[in-house]
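Working notes, structure below.
The values are calculated or read from the model by the stated rules, or taken from the named source; none is laboratory data. Just so it is clear, the model here is predicted, and its values are computed rather than measured. Virtual Cβ from ideal backbone geometry, glycine too; neighbours counted across all protein chains shown. Each accessible area value is taken on the protein alone, full model and side chains, heavy atoms only, with ligands, DNA and RNA left out. Shrake-Rupley method; radii C 1.70, N 1.55, O 1.52, S 1.80 Å.
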Amino acid sequence: MTDLVYAFVRLHARLAPVPLTPEILLHQADEPIGLWELTEGEFRSEQPPPFWAFAWAGGQGLARYVLDNPEVVAGRRVLDVACGSGLVAIAAAKAGAASVRAVDIDPLAIAAVTANAAANGVPVTAERADILDGPADADVVLAGDVFYSQAFATRMFGFLRRARKAGADAYVGDPGRAFRPHAAGTEVASYEVPTTMALESVTTKRTSVRRF
């Protein structure tokens, strides 16, 4: 099954630069609808949309911030939670993190992270797990575009607050999703992120990077 998952990722997503971080290559789908339908079959994930197949605005903004401010992660243990494609994890590895762990519940995301990290020549440990009720076990926690549903936003906010209280730094990239908690950190940067009409119904989205 593992080989089939990797094959699925490579078949349905092509390697291309990310608009806001062109120094990073990702396996990206050309359009969401057909792939969404495919992932509802044998390769259906526990999170229905194929988050791993696109460079979402929040992840792009956070990755850009990390690349431009490497001191945030350099020499530190980094966790990219709900990692999707692994864009943010790869940015952290490129910026000099001591180690990078990318976690998601979707097996296709884990395959995509592994393939994407290899394509960029950086070490990232990809792990399929739901860790939101446990400790972060990292010096820096990064989360891109994670406030897309009420239930998930609530769990993620709790996880990030606990990580911060345990001594980790925590950063979120968010393009104004409806369920971002009002207390979700202080804005440290903002970007106009290129996106697509198919994904966002606009061609750019203002995305903020917020530090907890």
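In this entry, the stretch 70-208 is assigned a mean projected area of 8.2 nm², taken as a quarter of its C-alpha convex hull surface. Close amide H partners of Thr204, meaning residues 5 or more places away or on another chain with modelled amide H under 5 Å apart, are Thr195.
Computed over the stretch 40-147, the Cα gyration tensor eigenvalues convert (square root of 5λ each) into semi-axes of 21, 14, 13 Å, ordered from largest to smallest. Packing, taken as the mean count of other beta carbons within 10 Å per residue, orders the peptides 87-96, 136-145 from highest to lowest as 87-96, 136-145. Expressed as a fraction of 2.2 N^0.38 Å, the value expected for a compact globular protein of N residues, the C-alpha radius of gyration of the stretch 137-190 is 1.06. Ordering 72-80, 160-168 by mean Cβ neighbour count within 10 Å, with the highest value first, yields 72-80, 160-168. Ordering of 23-29, 120-126 by packing is 23-29, 120-126, highest average first (other Cβ atoms within 10 Å, averaged per residue). Take Thr196: with every protein chain present and a 1.4 Å probe, its accessible area is about 70 Å². Spin-label model, Asp130/Ala118: points 7 Å from Cα along the beta carbon direction are separated by 2.9 nm.
Amide H contacts of Asp80 (H built 1.01 Å from N, in plane; Pro and chain starts excluded): Arg101, Ala102, Val103, Leu142 sit under 5 Å, all sequence-distant by 5 or more or on other chains.
A straight chain from Ala166 to Phe152 at 0.36 nm per residue would run longer than the Cα-Cα distance by 2.9 nm. Amide H contacts of Ser190 (H built 1.01 Å from N, in plane; Pro and chain starts excluded): Val209 sit under 5 Å, all sequence-distant by 5 or more or on other chains. Out of all Cα-Cα pairs in the stretch 88-143, roughly what percent, to the nearest whole number, are more than 15 Å apart? So the pairs more than 15 Å apart make up 45 percent of the total in the stretch 88-143.
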